[in-house]
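Participant: Once you've had a glance at the structure underneath, I'll fire off some questions.
The values are calculated or read from the model by the stated rules, or taken from the named source; none is laboratory data. This structure is a prediction, so every number in the text was calculated from the model and none was measured. Using ideal geometry, Cβ is built from the backbone for each residue, glycine included, and neighbour counts are taken over all protein chains shown. Areas reflect the complete protein model, heavy atoms only, side chains present, ligands, DNA and RNA absent. Shrake-Rupley method; radii C 1.70, N 1.55, O 1.52, S 1.80 Å.
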Amino acid sequence: QAHAKVWHLYNDHFRPAQRGKVSIALSSHWIKPQRMTEENIKECQKSLDFVLGWFAKPIFIDGDYPESMRSNLSSLLPEFSETEKEYIKGTADFFALSFGATLSFQLLDSHMKFQQLESISLRQLLYWLSSEYNSPQIFIVENSWFVSGSTKRDDAKYIYYLKKFIMETLKAIRYDGVNVFGYTVWSLLDGFEWQRGYSIRRGLFYVDFQSHDKKLMPKSSVLFYEKVIENNGFPPLPENQPIKGIFPCGFAWGIVDNYIQVDTTPAQFLDSSVYVWDVHQTKQLIRVDGVFTSKCRRHCVDFAAIRLQISLLQEMHVTHFHFSLRWSSILPLGNLSLINHTLVRYYRCFASELLRANITPVVALWQPMAENQELPLSLAKYGAWENPDIIQAFVEYAKFCFTSLGEHVKFWITMSEPPVKNLTYAAGHNLLKAHAKAWHLYDKEFRSSQKGKISIALQADWVEPACPFSRNDQEVADRILEFDIGWLAEPVFGNGDYPQVMRAWLQRKNSADLYHFHLPYFSEDEKNLIQGSFDFFALSHYTTTLVGWEKEDALKYDHYLEAQMINDITWLHSPSRAAVVPWGLRKLLKWIQSKYGDVPVYVMANGIDDDHTMVHDKLRVYYIQNYINEALKAYTLDNINLQGYFVYSFNDKTAPKYGLYSYVVNQYEPKPSMKHYREIIDSNGFPAPEDPELLCPEESASCPECHFFRTRKSLLAFISFIFVAFIVTLLFIIYYSKKAEQRYK
């Protein structure tokens, strides 16, 4: 009633002269149902009625309290007279909303939630306000997030929540038709935050509460908010706009299946036994002892599993297929004393059948898996990669694979995605030496005859500074890139030794007596062995991470590297919370070029998980479309020597939730993402309508069995002519013979 009297006072005596407007500022939260039931939805409505509707409904609707309050509070809630209702109703020129400053974010009384879930969705609240209160003009008079009281000026967490709220306001205006005409950040500077005291900070300006003069210092969020105001929102950045164009002829379009489906069950046609069918009693086949037929020659087509997988790959139109061998299954004892010849033959058949289908096999000798890292038990048991003996064991295994499969495989990966997060420095040291020795073995003994290429494939997610204006955050991002990628890349693609950033950081850490990590040294001979042991740069890329130096969240803080992991909540995320950041791939490719020069690059795996309950994997379609477009920008605009792109993964059976084919009850079904990827492959990128069609010479994968015929086309043509002439002559002889017989009769 006091508010209404003041509004009427202004309306009657001051508005004509001052031409202003007046309202009441109401705080609110947002609530969502625990489960989408009618009862829970009613409880959510009740929660909003008790917190916001208590004041909003009398002013913006009918002058009275919400019905849910009246029915629950009965005599506790005062009554308005009809005159009072009319006097209160409509006493606001706009809806002034405070969201996040006082009521939201765990400050709301738990009883006011009515056992439902509190949410920070400003967009949904704005839509509800517009629907509930007859589309009023809305002015957001207070809105913010908060950071820890120990955070100083690089307040990345604050920035990304501020970005989320302003973006949601913009979406509410553009997509939902909500009439929002103003936005205000809370608050200008750090201060005493009531229930939370000095334990949190909300200000755009930092205040050192311990200092005498309490000097104000702008935080990174000031620079961010200033940019938003300058741009009046978030205009599309030119560098993030999709481009038109195509990849070069011979570009490798691939798919990944870490471990292919192996089924070595022999076909029934290979059984040389003789059976009698007991049609009268058992109705079964009974083997006749001692009686055998001649043994059938084994063929690759006897493996039914191979035919199915090849047919699915052909349906996708890929040119390359990447999979890994199982070291632990091929050589169970870790040496040549026991060889699984059946499995080797299966791999050989798979590779040869790929070639027949004009698909190039890309084969990794080793890829770590959870159990024993996919190492033979005898090696995993005695130190795995930390034991120097594994180096020679890997070289012998590599030589066996080159000998057994090299006739069909011309594209090798020594190690695929070594797990740098779980790898000790000693293990990484031995792994690099094993890779280099395997590379030199192939280079000296197999390359001239097999004409293949070989390298190592590293996982390489991009790392971006959380505060783009912070030099400290940039240093953290650079440090993590060197530890995550440069650790194994620099010795091979760079100077033969570990990154100087790593050595300097570890020296600093060790000198503080907090840690003792020893990064081994290579001898000069070892440096020469490892440096240059590549034919191309192969990388797996899935997402981008934000990092900062300010410690904000202990659960996501890396004490070893002094890095705070930050999440931009405005990014798209998969069900597993992997961020979809297409531009991260382009930045990564430019970083590789800046460090290692014009090396040929293959994106050997790029993919995202989906919700297996969804029929259409729209997120993966978006992911593939935009990541490939960023790869195209890297190729056309940045002159990156990009030679191939592979999607992860082939199917849900071997990589649940990541496949382009779903797998249910022994049936494979293509997802929309597979069809979309096929369209991109068929177009070789994203051609513009006015672009002339690119005619590439037809290329075929190397097929040893086909070589005889391809090199003797003239001979085959002559034999075909003789054969046709023979058939025609034979038909003439038969025809005239019959004619002569008829004449004789």
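Participant: Consider residue 316 carefully, then state whether it is under 29 Å from the mean Cα position of the chain (by Cα), assigned by the TED database to the domain that holds residue 526, of a type in the set (A, V, I, L, M, F, W, C) and open to solvent by 30 Å² or more (accessible area, probe 1.4 Å).
Facilitator: Judged against the criteria, residue 316 is not a match.
Participant: Give the number of residues within segment 554-575 that are over 16 Å from the mean Cα position of the chain (by Cα) and either aromatic (Phe, Trp, Tyr) or outside the structural domain of residue 658 (by the TED database) (or both).
Facilitator: 2
Participant: I would also like to ask the following. For residue 498, only one of the following conditions fails: (1) part of a helix (DSSP H, G or I); (2) touching a Pro at 6+ places or on another chain (Cβ under 8 Å). What is its number?
Facilitator: Of (1) part of a helix (DSSP H, G or I); (2) touching a Pro at 6+ places or on another chain (Cβ under 8 Å), only one is false for residue 498: (1).
Participant: Now a separate question. Give the residues of segment 640-667 that are more than 19 Å from the chain's Cα centre (by Cα), touching a residue at least 24 places away in the same chain (Cβ under 8 Å) and either part of a loop (DSSP other than H, G, I, E, B) or surrounded by fewer than 20 Cβ atoms within 10 Å (Cβ to Cβ) (or both), sorted by residue number.
Facilitator: Result: 640, 641, 643.
Participant: Mind telling me which of the residues 436, 477 ends up being more than 26 Å from residue 323 (Cα to Cα), assigned by the TED database to the domain that holds residue 408 and aliphatic (A, V, I, L, M)?
Facilitator: Step by step, each of 436, 477 is checked, and only 477 is more than 26 Å from residue 323 (Cα to Cα), assigned by the TED database to the domain that holds residue 408 and aliphatic (A, V, I, L, M).
Participant: Right, here's the next one. Looking at segment 1-117, what strands (runs of 3 or more DSSP E) fall wholly within it and have at least 2 residues that are of a type in the set (Phe, Trp, Tyr) and open to solvent by less than 20 Å² (accessible area, probe 1.4 Å)?
Facilitator: Once the strands (runs of 3 or more DSSP E) in segment 1-117 are filtered for at least 2 residues that are of a type in the set (Phe, Trp, Tyr) and open to solvent by less than 20 Å² (accessible area, probe 1.4 Å), what remains is 95-99.
Participant: Against the condition buried (at least 17 other Cβ atoms within 10 Å of the Cβ), at pLDDT below 95 and within 16 Å of residue 461 (Cα to Cα), how does residue 567 come out, does it pass?
Facilitator: So residue 567 passes the test.
Participant: Could you list, in sequence order, the residues of segment 328-347 that are open to solvent by 50 Å² or more (accessible area, probe 1.4 Å) and within 13 Å of residue 398 (Cα to Cα)?
Facilitator: 335, 336
Participant: Can you give me the number of residues within segment 348-390 that are open to solvent by 50 Å² or more (accessible area, probe 1.4 Å) and hydrophobic (A, V, I, L, M, F, W, C)?
Facilitator: 3
Participant: Restricting to segment 111-153, name every residue that is out of contact with any helix residue (DSSP H, G or I) (no Cβ under 7 Å at 6 or more places or on another chain) and among the β-branched types (Val, Ile, Thr).
Facilitator: 120, 141, 151
Participant: Further question on the same structure: Exactly one condition in (1) among the hydrophobic types (A, V, I, L, M, F, W, C); (2) under 11 Å from the mean Cα position of the chain (by Cα); (3) buried (at least 22 other Cβ atoms within 10 Å of the Cβ) is not met by residue 580; state its number.
Facilitator: (3)
Participant: So for segment 300-311 (the condition being open to solvent by 10 Å² or more (accessible area, probe 1.4 Å), among the polar types (S, T, N, Q), more than 30 Å from the chain's Cα centre (by Cα) and in the same structural domain as residue 602 (by the TED database)), does at least one residue qualify?
Facilitator: no
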